[in-house]
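Visitor: Following this message is one structure expressed as structure tokens.
The values are calculated or read from the model by the stated rules, or taken from the named source; none is laboratory data. Worth saying up front: this structure is predicted, and the values here are computed from it rather than measured. Virtual Cβ from ideal backbone geometry, glycine too; neighbours counted across all protein chains shown. Each accessible area value is taken on the protein alone, full model and side chains, heavy atoms only, with ligands, DNA and RNA left out. Shrake-Rupley method; radii C 1.70, N 1.55, O 1.52, S 1.80 Å.
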Amino acid sequence: MSNPILVVNSPQPEKPPLSGAPLSSGAAVLVLDAGGRVELANQAACALWQAAELELVGDSLPNLFIFDVTSREPDWLQAQWEVLLAAAETQPLALQLQPKESAAFEVQLRLEKASQHPARYFAMLGRPAPAVAPAAVAPQDNLLSLLHERSPLGFFDLNFQKNEIYFSPAWKRQLGYAPDALANTYDTWHALVHPEDTGAAPDRQTRGATVGTRPFSLEFRMKHAHGRYVWVQSVGVQSYGPNGALQRVLGAHLDIQDRKEFEEAGLRAEERLQMLGDRGKLGVFDFDFLAGQAWLSPALKALLGYAATELPDSAESLLRALPMEETTGGLPAYFLTKHPGRTAYFDTLHLRHRDGHTLVVQAGVMRVISRKKELQRVLGFLLPMPEGVATAPDTGLPAAHLGVLLAEMREAVLIADGTGRVIFVNAKAEQLLGRTAEAVLAQHAADVFRLVHRTSGQPGENPVDRALSTAEPMALNNEFALDTGAPRRAPVTFSSRAVFDSAGRAAGAVVVFRNPDEMGLTPEELLRANRFDSLGQLAGGIAHDFNNLLTTILGGVSLAKDNRDDSGLENSERACLAAKALSKQLLTFAKGGTAVRQVVKPAEFLSDAVRLSAAGSAVKVELAAPANLGTVCVDRAQILQVFQNLIINAIQAMPTGRGHVWVSAADVTLADAQIAPLAAGRYVAVEVRDDGAGIPAESLQKIFAPFYTTKKHGTGLGLATVRSIVTQHGGQIGVESELGRGTAFTVFLPFANAEIEVEARSAPSLRFGTGRILFMDDDPHICHLTGTMLESLGYKFDLAKNGEEAVQFYKRYLNIGRPYDLVIMDLTIIGGMGGEQAFKLLKDLDPDLRAIITSGYDNDEMARQYMEMGFFGYLTKPYRVGDLGRHIKKVLGK
């Protein structure tokens, strides 16, 4: 361009287009490299400078504008680029653009980072907005005025020729001073520069004769208002007169304290590493396979018997010291196969010393592995083991003890070596395989442990071969039978996993197996195991239903809060109550049976079972249970478990994940011996029917046996649990199925010999009252909300966050003869005394104490337990102001 300064127009290689670059927009855009040179220019930019298509490429950005202070020295371009980058990256900067043939004009320049590696920038130019009256600024030249107005950098001007000193407000703020707290004098500058850094400051004249301008970029410390010194980077130009005297220093300050602290921390870390890796006994290595770089510390080389200059920094140097049989695939393969699945690990290595003896070291290794499972980098240390420790024998379980342990196990155990040949079977394995240990040892596991699929009859993959090839454990599997050559193939439940050597390679495999017909649980264990399994199956569906309810709640609240529209609050309240009911059902099921039976209507527990089991499912479940059915006497949680299991089984029987399940109930009268072994009488018959795949005839006789299942990940506990519960209730269960048509389970439960207990309801009364109440909860939001409710009900109240605080409150009022009318306490307090313990202490202080317990556990048995303890009420969360008022009114009567 026409600017009389050094211009570099070296040809540049063509660069690939940047993703998202605004080159196609109407704005004038330049793409710059990290040093501020033009790589690309769009058509609008070329038009501004009246330049040809590639004429701007290779030029430096400062060359394209007019500046009052210029220089022909090459360093000036870099210094000016750094100033432009710092100023125009935060807000637009006004500059004078010089076209090739016409007069200069003002443009707005803004710089934005285009990419990180390599660093590139977008320079976007536009005409300035209509001029407005400028704000008053310090009496400086035009360039400084522009920078003062438009840049957050700290600018300074040391004009020795005119004896004028100026520090911008941003310059003073960088050092913690208000704009009027520092005088614009040279004495201020001297007082702020660190005494040890005066020689590095830009107000010092450069050695040697200099005329004209000279750019600078310096780093030194200046005193902060808080008394500490902070690092700044000073960038700008020095101006020298004809006699070589420094006349003026113009520049900007950048706060680089964070960078300096980071650099110093890095230097300290490097110094520590040098002390450990060079002068200590800790051998350190770093292999960057991606960059092709390697480094071995002098201490590591000394560990192997070499001087620092005798052993090159290469992967081969360490490779030669490692056991040859473990490194046939090279160093990356060696480190990649060790301890699979872990990024960092510790290991004991045997290295070959320079003089030939074996050196035992403790190694710590950190690996960087790509998503493609490729080793990109490995860093680590080697520490020689103390004498006597490295060669100490393994103190694990003695072989004799291990043999006794395996022999006494009720499970069969088969162990194979790395080639898949059997090296051990215990007595139980001999029994299930139908062969002696002598007959199977050294045989291939695939010939000894032969699997056949129970349904299809196809051979199964041998678990030993799979463990050795995949190096992954095989979960418990019960889909197969064991082919021992006998006429009848025995079902088998098995799992397997690989055994790894010190190098992380699969050196063998272990198979543990049993005959499921020999496996048994007590009725209590059966119920518990099945309940946990069912909870896992329910979790996703329950979460789906809760999220739907929370959507209704949150939507209504947000409408009321943001739009002042309370039309959705009623639906939010209904959703809260539905969520409360759903959590109560889930808690009841999770708790299991209580050994307390009650007379209930079948429609009640059937509707709960449908709601829980069908949560989140695409299968349509229909319930037909008339309200006038006969009552039954049941453990509610256990009977809920029965029908939940049956409905879940029906849903899972759908091959496509879609279909229908019908749950229906009716009163029936059975004759003697009509349904063995039920006596004649009246029963409620509940049928769960589906249109799924059906059950094969050969499986119908086995489906109620513990651990029998046809599902890939089934436990075989569901139907065994169902039958156990039903028979305990004096009932019976039957099944009918047709392949391709579906399955129907029918449960018969005897009529109850008692009526349903109906709780007497008192006439509604006003919920407002009087009195002083002590409320205790560790959640501040619940305390605040309940306090607001109590206030709206007309009660005075105090709030305590734990039992200790509640006791202190109660003592204060008891001491003046005015104990609280009622105490409401949360059952569980995290990190403090809960409601039950606090109640006992308060009861000792005041035998006439009246208290209500609150809890998120909505459970009838738990409520009964605390009422028997002496509480006057059990208030479940969440609760409304009406619920709170009714409980208080019931206890106080006022």
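Visitor: Give the residues of region 315-343 that are closer than 18 Å to residue 372 by Cβ, assigned to a helix (DSSP H, G or I) and touching a residue at least 60 places away in the same chain (Cβ under 8 Å), sorted by residue number.
Guide: Hit for region 315-343 is 337, nothing else.
Visitor: So, in region 620-635, of the ones that are in a loop (DSSP other than H, G, I, E, B) and among the small types (Gly, Ala, Ser), which residue ends up surrounded by the most Cβ atoms within 10 Å (Cβ to Cβ)?
Guide: Of the residues in region 620-635, the ones in a loop (DSSP other than H, G, I, E, B) are 625-631, 635.
From what is left, the residues that are among the small types (Gly, Ala, Ser) are 625, 627, 630.
On the way: 625: 19, 627: 8, 630: 17.
Residue satisfying both the conditions and the ranking: 625.
Visitor: Search region 478-492 for residues that are acidic (Asp, Glu) and pair each with any residue that is not in a loop (DSSP other than H, G, I, E, B) when their beta-carbon atoms are under 8 Å apart and the residues are at least 6 apart or on different chains.
Guide: 479/453; 483/451; 483/452
Visitor: Keeping to region 772-803, report how many residues are surrounded by fewer than 16 Cβ atoms within 10 Å (Cβ to Cβ) and either outside any helix (DSSP H, G or I) or touching a residue at least 24 places away in the same chain (Cβ under 8 Å) (or both).
Guide: Looking only at that region, the number is 5.
Visitor: Can you tell me which residues in region 650-694 are open to solvent by less than 50 Å² (accessible area, probe 1.4 Å) and within 27 Å of residue 491 (Cβ to Cβ)?
Guide: Within region 650-694, 650, 651, 653, 654, 688, 690, 692, 693, 694 qualify.
Visitor: Could I ask something else about it? Is it true that some residue in region 166-175 is farther than 24 Å from residue 30 by Cα, in contact with a helix residue (DSSP H, G or I) (Cβ under 8 Å, 6 or more places away or on another chain) and at pLDDT below 80?
Guide: no
Visitor: Regarding region 224-238, can at least one residue be identified that is closer than 14 Å to residue 161 by Cβ and surrounded by 14 or more Cβ atoms within 10 Å (Cβ to Cβ)?
Guide: Yes, region 224-238 contains a residue that is closer than 14 Å to residue 161 by Cβ and surrounded by 14 or more Cβ atoms within 10 Å (Cβ to Cβ).
Visitor: I've got another one for you. I want to confirm something. Restricting to region 370-382 and keeping residues that are farther than 14 Å from residue 333 by Cβ and modelled with pLDDT under 85, which single residue is most open to solvent (accessible area, probe 1.4 Å)? Walk me through how you get there before you give the answer.
Guide: Quick first cut of region 370-382, residues farther than 14 Å from residue 333 by Cβ only: 370-372, 377, 379-382.
Then keep just the ones that are modelled with pLDDT under 85; that gives 370-372.
Numbers: 370: 25, 371: 238, 372: 162 Å².
Applying the filter and picking the extreme gives 371.
Visitor: Quick one: is residue 593 surrounded by fewer than 19 Cβ atoms within 10 Å (Cβ to Cβ) and either assigned to a loop (DSSP other than H, G, I, E, B) or modelled with pLDDT of 90 or more (or both)?
Guide: Taking the combined requirement at face value, the residue does not satisfy it.
Visitor: I'd like the full set of residues that are modelled with pLDDT under 85 and in contact with a helix residue (DSSP H, G or I) (Cβ under 6 Å, 6 or more places away or on another chain), limited to region 148-165.
Guide: 151, 152, 153, listed by residue number.
Visitor: Okay, moving on. Could you tell me which residue of region 804-824 is nearest to residue 838 (Cα to Cα), considering only residues that are assigned to a helix (DSSP H, G or I) and open to solvent by 50 Å² or more (accessible area, probe 1.4 Å)?
Guide: 804
Visitor: Further, regarding this structure: Could we say that residue 52 is open to solvent by less than 70 Å² (accessible area, probe 1.4 Å), modelled with pLDDT of 50 or more and out of contact with any strand residue (DSSP E or B) (no Cβ under 8 Å at 6 or more places or on another chain) here?
Guide: yes
Visitor: Continuing with this model, one more query. Open to solvent by 30 Å² or more (accessible area, probe 1.4 Å) and out of contact with any strand residue (DSSP E or B) (no Cβ under 9 Å at 6 or more places or on another chain): is that true of residue 877 in this structure?
Guide: The answer is no for residue 877.
Visitor: Does residue 557 qualify as being under 30 Å from residue 752 (Cβ atoms), modelled with pLDDT of 75 or more and surrounded by 14 or more Cβ atoms within 10 Å (Cβ to Cβ)?
Guide: No; evaluated as a whole, the condition is false for this residue.
Visitor: Return only the number of the condition from (1) open to solvent by 20 Å² or more (accessible area, probe 1.4 Å); (2) on the phi < 0 side of the Ramachandran plot; (3) within 41 Å of the chain's Cα centre (by Cα) that residue 697 does not satisfy.
Guide: (3)
Visitor: Based on what the data block shows, is residue 108 under 52 Å from the mean Cα position of the chain (by Cα), open to solvent by 30 Å² or more (accessible area, probe 1.4 Å) and at pLDDT 75 or above?
Guide: yes
Visitor: When only residues in region 191-223 that are farther than 24 Å from residue 261 by Cα and open to solvent by 70 Å² or more (accessible area, probe 1.4 Å) count, which is modelled with the lowest pLDDT?
Guide: Filtering first and then ranking leaves 209.
Visitor: On to the next question. Taking region 837-857, which residues are closer than 27 Å to residue 635 by Cα and either touching a Cys at 6+ places or on another chain (Cβ under 7 Å) or open to solvent by 20 Å² or more (accessible area, probe 1.4 Å) (or both)?
Guide: 856, 857
Visitor: Those residues that are closer than 22 Å to residue 805 by Cα and among the hydrophobic types (A, V, I, L, M, F, W, C), I need them from region 838-868; list them, please. Walk me through how you get there before you give the answer.
Guide: Going through region 838-868, the residues closer than 22 Å to residue 805 by Cα turn out to be 838-856, 866.
Correct list: 838, 839, 841, 842, 845, 849, 851, 852, 853.
Visitor: Which of the numbered conditions does residue 449 fail, given that it passes all the others? Conditions: (1) over 25 Å from residue 488 (Cα atoms); (2) open to solvent by less than 50 Å² (accessible area, probe 1.4 Å); (3) not aliphatic (A, V, I, L, M).
Guide: Here residue 449 clears every test but (1).
Visitor: Now a separate question. Tell me, please, whether a residue that is of a type in the set (Asp, Glu) and within 47 Å of the chain's Cα centre (by Cα) can be found in region 87-104.
Guide: Yes: one or more hits.
Visitor: Still on this model: How many residues are in contact (Cβ under 8 Å) with a residue 40 or more places away in the chain, on the phi < 0 side of the Ramachandran plot and either part of a loop (DSSP other than H, G, I, E, B) or in contact with a Ser or Thr (Cβ under 9 Å, 6 or more places away or on another chain) (or both) if we restrict to region 163-183?
Guide: Going through region 163-183 one residue at a time, the tally reaches 3.
Visitor: Can you pull out every residue in region 842-881 that is hydrophobic (A, V, I, L, M, F, W, C) and touching a Phe, Trp or Tyr at 6+ places or on another chain (Cβ under 9 Å)?
Guide: Correct list: 842, 845, 849, 851, 852, 853, 862, 863, 867, 869, 871.
Visitor: Would you list the strands (runs of 3 or more DSSP E) that sit entirely within region 433-523 and hold 3 or more residues that are under 26 Å from residue 337 (Cβ atoms)?
Guide: Per the criteria, 493-500, 506-514.
Visitor: Restricting to region 241-256, give me the number of residues that are at pLDDT 85 or above and out of contact with any Leu (no Cβ under 6 Å at 6 or more places or on another chain).
Guide: Looking only at that region, the number is 11.
Visitor: Only one of 471, 507 is aliphatic (A, V, I, L, M) and either surrounded by 19 or more Cβ atoms within 10 Å (Cβ to Cβ) or modelled with pLDDT of 80 or more (or both); which?
Guide: Going through 471, 507 in turn, just one is aliphatic (A, V, I, L, M) and either surrounded by 19 or more Cβ atoms within 10 Å (Cβ to Cβ) or modelled with pLDDT of 80 or more (or both): 507.
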